[in-house]
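J.: The structure's right below; bear with me while I get my questions together.
The values are calculated or read from the model by the stated rules, or taken from the named source; none is laboratory data. Computed from a predicted model, the values in this text were never measured in an experiment. Don't worry about glycine lacking a Cβ; one is built from the backbone with ideal geometry, like all the others, and counts go over all protein chains shown. The area values use the complete protein model at the heavy-atom level, side chains included, leaving out ligands, DNA and RNA. Shrake-Rupley method; radii C 1.70, N 1.55, O 1.52, S 1.80 Å.
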Amino acid sequence: MIYCCDDHVDMALDTVVVEQETYPTLDIIPNELKLSTTCGYCRNKAIYMVGN
């Protein structure tokens, strides 16, 4: 699972496709997790969860 901001969502989707060779899922992070979750590529608040 990759947590990412709006700026890095394309990079996270590409990473899942390359590493796991499957279609990724894109979900919005629930409000309970938004406060403490940061992007895996930068320090911004994460908005999306990308996985398979």
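J.: Share of the chain's accessible area from carbon and sulfur, percent, 1.4 Å? Write out the running numbers ahead of the final one.
T.: Details: 1910 of 3780 Å².
That fraction is 51 percent.
J.: So what is the relative contact order for the chain, in percent, with contacts set as C-alpha pairs under 8 Å and at least six apart? Present the calculation step by step, with values, prior to reporting the outcome.
T.: Values: 90 pairs, mean separation 28.4, N = 52.
Once divided by the residue count of the chain, the mean separation gives 55 percent.
J.: Of the options Y48, N31, M11, report the single residue whose Cα projects farthest towards the positive end of the charge dipole of the chain (beta-carbon charges: Lys, Arg +1; Asp, Glu -1).
T.: My answer, from the dipole projection, is N31.
J.: Rank these by accessible area, largest first, 1.4 Å probe: Y3, Y48.
T.: Y3, Y48
J.: Using the alpha-carbon atoms, what tilt in degrees (0 to 90, nearest 10) does helix 9-20 show relative to the longest principal axis of the chain?
T.: 40
J.: Also, quick follow-up: Can you give the calculated 222 nm mean residue ellipticity of the chain, where each DSSP H run of n ≥ 4 adds -39,500 (n - 2.57) and the sum is split over every residue, rounded to the nearest 500 deg cm²/dmol? Write out the running numbers ahead of the final one.
T.: On the way: 2 runs with 16 residues, N = 52.
Helix contribution divided over all residues of the chain: -8000 deg cm²/dmol.
J.: Before I look further, what does the chain give for accessible area per residue, probe 1.4 Å, in whole square angstrom? Intermediate values should be presented prior to the final figure.
T.: Numbers: 3780 Å² over 52 residues.
Result: 73 Å² of accessible area for each residue.
J.: Same structure, new question: With charges set only on the Cβ (+1 for Lys and Arg, -1 for Asp and Glu), what does the dipole of the chain come to about its Cα centre, in debye to the nearest 20? Could you put the intermediate results ahead of the total?
T.: Numbers: 3 positive and 8 negative charges, 58 e Å.
Dipole magnitude for the chain comes out near 280 debye.
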